[in-house]
Amino acid sequence: AAGCYVCPTIAIAERASHQFPEDHRIPQMRKRILGPRVANMRRLRELGVPLISGSDAGVTLTPFEDFAYNLTMLVDEVGLDTHYALESATVRAAEALGRPDLGALEVGRAADLLAVRGNPLENIHALWDVDSVIARGKRIR
């Protein structure tokens, strides 16, 4: 399976489960599937399968603005280190897309920038404390 990447979108069931009462089928399903999904992701990582981060943004109950949710779950639930998790959303995701022009802050690459208060390499939850966003060279937040 050389050249394959897995995008587990782990946060979808978690996010959706908070939208319904605890006895609804969605939170019940989340309780059943989270453990096996986490175990599968850990096994994939152990086998060297590259993981990339994604959220399925735009799908029902999946807003664009909670990019950090999947990354924090990859660290907190799956046990990935913060460096690997951040690369899963940047350089590795660009690699998976075949886009060498994206994914890193380097000369010759296009980049949007998320500035946060704190160091997400030390604490992935710093991604929730956004200071500013630069997209296509313009500050939008």
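The values are calculated or read from the model by the stated rules, or taken from the named source; none is laboratory data. None of these values were measured; they are calculated from a predicted model. Here the Cβ is made from the backbone with ideal geometry for all residues, glycine too, and neighbour counts use every protein chain on show. Side chains are part of the model used for accessible areas, which takes the heavy atoms of the whole protein and leaves out ligands, DNA and RNA. Shrake-Rupley method; radii C 1.70, N 1.55, O 1.52, S 1.80 Å.
Between residues in the range 99-128 that are under 15 Å from SER88 (Cβ atoms) and residues that are of a type in the set (Ser, Thr, Tyr) and assigned to a helix (DSSP H, G or I), which pairs lie under 6 Å by C-beta distance while being six or more apart or on different chains?
Short answer, once both residue conditions are applied: LEU121/THR82; ILE124/THR72; ILE124/THR82.
For ARG109, indicate whether it is in a loop (DSSP other than H, G, I, E, B), surrounded by 12 or more Cβ atoms within 10 Å (Cβ to Cβ) and in contact with an Asp or Glu (Cβ under 8 Å, 6 or more places away or on another chain).
Working: in a loop (DSSP other than H, G, I, E, B): yes; surrounded by 12 or more Cβ atoms within 10 Å (Cβ to Cβ): yes; in contact with an Asp or Glu (Cβ under 8 Å, 6 or more places away or on another chain): yes.
Yes, satisfied.
Is there a residue in the range 76-93 that is within 17 Å of ALA135 (Cα to Cα), polar (S, T, N, Q), open to solvent by 30 Å² or more (accessible area, probe 1.4 Å) and without any contact (Cβ under 8 Å) to a residue 60 or more places away in the chain?
Yes.
In this structure, does ARG99 turn out to be farther than 30 Å from PRO27 by Cα, crowded, with 18+ Cβ neighbours inside 10 Å and of a type in the set (Lys, Arg)?
On the way: farther than 30 Å from PRO27 by Cα: yes; crowded, with 18+ Cβ neighbours inside 10 Å: no; of a type in the set (Lys, Arg): yes.
Criteria not met by ARG99.
Taking the range 54-64 as the search range and keeping residues that are over 19 Å from VAL133 (Cα atoms) and hydroxyl-bearing (Ser, Thr, Tyr), which one is most open to solvent (accessible area, probe 1.4 Å)?
THR60
Just one of (1) farther than 22 Å from VAL49 by Cα; (2) touching a helix residue (DSSP H, G or I) at 6+ places or on another chain (Cβ under 9 Å); (3) open to solvent by 40 Å² or more (accessible area, probe 1.4 Å) trips up VAL116, so point out which.
(3)
Given LEU47, LEU71, which one is surrounded by 14 or more Cβ atoms within 10 Å (Cβ to Cβ) and either at pLDDT below 95 or under 17 Å from the mean Cα position of the chain (by Cα) (or both)?
Values: LEU47 fails: surrounded by 14 or more Cβ atoms within 10 Å (Cβ to Cβ).
Just one listed residue meets the conditions, LEU71.
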